[in-house]
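Coordinate-derived values only; no laboratory data. Since we're looking at a predicted model, the values are computed, not measured. When we count neighbours, we look across all protein chains shown, and the Cβ atoms used for this are built from the backbone with ideal geometry, even at glycine.
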Amino acid sequence: MTPLAAPAPAGFAAGARAGLPVVLGYLSIGFAAGVVQRASGLSLAEVMLMSLLLYAGSAQFVVASMLAAASPPLAVIATVFFVNLRHLLLSAALAPWFARVPAWKNALIGAQLTDETFVVALNGLQKGVQARPAWMAGLNLSAYAAWATANLAGALAGGLVGHTRALGFDFALPAMFAALLVLQFVAQANRWRALAVTLVASALSVAVAVMIPGNWNIIIATVAGATLGAALELWTSAPTSS
Amino acid sequence: MDIRADVLLIALGAALVTVVPRVVPLVFLSRIELPRVLKVWLGYVPVAVLGALLAAELFLSGGKPVPLAANAALLAIVPAIAVAARFGSIIGAVLAGVAAMALLRALGA
């Protein structure tokens, strides 16, 4: 990094402005998430509880889906843990930039870390924005507020529609999973490995659900699928790459 | 404003297991690299979990397999995948899937 003559503004307002693309994205996805969670049987208050405490789109879909399948709480929590474990990577990638920031401020910065805010934060930092907690707070809080507002609006709209199966609203959740899966495929370096992981995880998910009681199918299929993908990648690339 | 006890438990537990991986590296591991094996493994978690979730939604109902001949979801998911692949839009894919399912049900599927 070359020191810039005039550093980019790094206050709260500049952080909030940098978060505008995230806000726009969250307003639409968050609305859909609110509708989906209501359609899967969560009350308005429960949707907001998830939105404000959990604050993680994919994990909220997982919770909605598993609750609708009457999974035990421990299985849901364990699955969310694995789904959100990827934040380790994002947090670790940001850590060097904030090495001089007090630990309690880093804890607050990390607590609201998402895939989207991470991308915006890293992009800003690499372009010379100073790594200041106020800038991160502006980015994080605008994204958090947008997510909560959109979840609320979606939950209210979903509540108006109710559980009318005829409108197909219960299908929003699988459609969302399919869309997220497609977007993940686009982002994968090796589509064949991704396809192998998807097929194995899908087959295991159904097979385990049918054969083993207790709704552990998602977590077993996820761990097995990710292990297969990692084994394939490490095996094929072992001799040359470091 | 009703909150069921098990939903509250899940919200608190899920929030806890989510916030720990978000916070721990920033606070404690400022200068430590994650092992490569863990990075590679974590990279496959999204595809694996989404595959597992989607398959459970499409092929199961109440923990039981849905007969293939009576599975409208397998048809309705096609336009959702097509819209996501063509336009990269999550909202668009959801609308396409919901509309397709509504249409199939109207047709008596």
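Taking 7 Å steps out from each Cα toward its Cβ at residue A:145 and residue A:160 produces label points 2.4 nm apart. Semi-axis lengths, largest first, of the ellipsoid equivalent to the stretch A:120-232 are 32, 27, 13 Å, with √(5λ) applied to each eigenvalue of the Cα gyration tensor.
Which peptide among A:175-182, B:63-70, A:143-150 comes first, and what is the full order, when sorted by highest mean count of other Cβ atoms within 10 Å?
On the way: A:175-182: 27.2, B:63-70: 10.5, A:143-150: 20.9.
Per-residue Cβ counts within 10 Å, averaged per peptide and sorted highest first, yield A:175-182, A:143-150, B:63-70.
Sorting A:113, B:74 by the number of Cβ atoms found within 10 Å of their own Cβ, with the fewest placed first, yields B:74, A:113. The sum of -39500 (n - 2.57) across all DSSP H runs of n ≥ 4, divided by the residue count of the protein assembly as shown, sets its helix-only mean residue ellipticity at 222 nm to -24000 deg cm²/dmol.
Subtracting the Cα-Cα distance of residue A:93 and residue A:199 from 0.36 nm times their residue separation leaves 35.1 nm of extension gain.
Would you kindly work out the equivalent ellipsoid of chain A from its C-alpha gyration tensor and give its semi-axes, the square roots of five times the eigenvalues, largest first in whole Å? List each step's numbers first, then the result.
Working: eigenvalues 211, 137, 46 Å².
Sorted largest first and rounded, they come to 33, 26, 15 Å.
Cβ crowding within 10 Å, taken as a proxy for footprinting-reagent exposure, orders B:2, A:170, A:115 from fewest neighbours to most as B:2, A:115, A:170. Magnitude of the charge dipole for the protein assembly as shown, about its Cα centre and with charges confined to Cβ atoms of Lys, Arg (+1) and Asp, Glu (-1), is about 580 debye. Amide H to amide H, with H built 1.01 Å from N, residue B:61 comes under 5 Å of B:66, counting only residues 5 or more places away or on other chains. Between A:42, A:121, A:61, the Cα set farthest toward the positive side of the dipole of the protein assembly as shown (charges on each charged residue's Cβ, about the Cα centre) is that of A:121. Computed from phi, the 3J(HN,Hα) profile of the stretch A:102-119 under the Karplus parametrisation 6.51, -1.76, 1.60 (θ = phi - 60°) reads x, 4, 5, 6, 4, 5, 5, 4, x, 4, 10, 6, 10, 3, 6, 5, 4, 4 Hz, with x in place of Gly and Pro. Under conditions of 4 °C and 1.567 mPa s, the stretch A:3-103 yields 80 µm² s⁻¹ as its translational diffusion coefficient, taking Rh as the Kirkwood radius over Cα pairs in the Stokes-Einstein equation. The magnitude of the dipole of the stretch A:96-217, with charges of +1 and -1 set on the Cβ of Lys/Arg and Asp/Glu and taken from the Cα centre, is near 360 debye. May I ask you to derive the FRET efficiency for residue B:36 and residue A:24 from their Cβ-Cβ distance with R0 = 30 Å, giving the value to the nearest 0.05? Between residue B:36 and residue A:24 the formula returns 0.30.
Partner shielding of A:39-50 amounts to 4, given as the average count of beta-carbon atoms from other chains within 10 Å of each residue beta-carbon.
A simple rule links phi to the HN-Hα coupling: the Karplus curve 6.51 cos²θ - 1.76 cosθ + 1.60 with θ = phi - 60°, which for the stretch A:185-196 gives 4, 4, 7, 7, 5, 10, 5, 5, 5, 4, 5, 4 Hz, with x for Gly and Pro.
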